[in-house]
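Each remark here refers to the structure printed beneath this line.
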Amino acid sequence: MAVNDYYFGYGASGRGDWYANTLDGQMKVQNENNPGLTAFSIHIIGGVVFLTMKDDSTGRQNKVVESTAGGYSDEVDMSKPITKYILGDNDKVYGLKTSDEQVSLTTGFGEYNDDGTTSDYQPAQDFVLSGDNAAQAELQKLISAYR
């Protein structure tokens, strides 16, 4: 598989904060200060996406998205599963695996309204705690360097 850090992105949107749903609560991904950092108990500190490239290249890929409008479909084989992993400042790794050919840069994420109230644009899927023990252990190593 190929890997890239373009797990989230959006084009023109409002001024509300973007987030992911997890069993541990909402996890902030993009800060627009509506409702603001303190409204979230968990914050995303990074993430990756695993996918299959149309040209079958594997490993780290720098170009999985040509344009926000095209999203993954420009370079990625959309008939294959795409898995997004996000790393939380609560020391946990969450994953979202989908085989839906409509996967987009915002799949798994929702946005608050411009005034910081709950909007109709909510995640259709929740991120779940990753069962990948190696990923959880690697996150612990990465985070420990910053404590």
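Side notes on the structure shown:
- Residue, nearest to the chain's Cα centre (by Cα), within region 31-69, restricted to residues that are open to solvent by less than 20 Å² (accessible area, probe 1.4 Å) and among the small types (G, A, S): G47
- Extreme residue, most open to solvent (accessible area, probe 1.4 Å), among residues of region 70-95 that are free of Cβ contacts under 8 Å to residues at least 24 places away in the same chain and among the small types (G, A, S): S79
- Residue list for region 13-28, restricted to those being open to solvent by 30 Å² or more (accessible area, probe 1.4 Å) and modelled with pLDDT of 95 or more: N21, D24, Q26
- Residues of region 97-116 satisfying the condition of being in contact (Cβ under 8 Å) with a residue 40 or more places away in the chain and either of a type outside the set (A, V, I, L, M, F, W, C) or crowded, with 23+ Cβ neighbours inside 10 Å (or both): T106, G108, F109, G110, E111, Y112, N113, D114, D115, G116
- Exactly one residue out of S79, S104 is within 11 Å of the chain's Cα centre (by Cα), more than 16 Å from D24 (Cβ to Cβ) and not basic (K, R): that is S104.
The values are calculated or read from the model by the stated rules, or taken from the named source; none is laboratory data. Since the structure is predicted, the reported quantities are computational estimates derived from the model, not experimental observations. We place every Cβ from the backbone using ideal geometry, glycine too, and count neighbours over all the protein chains shown. When the accessible area is computed, the model is the full protein with side chains, heavy atoms only, and any ligands, DNA or RNA have been set aside. Shrake-Rupley method; radii C 1.70, N 1.55, O 1.52, S 1.80 Å.
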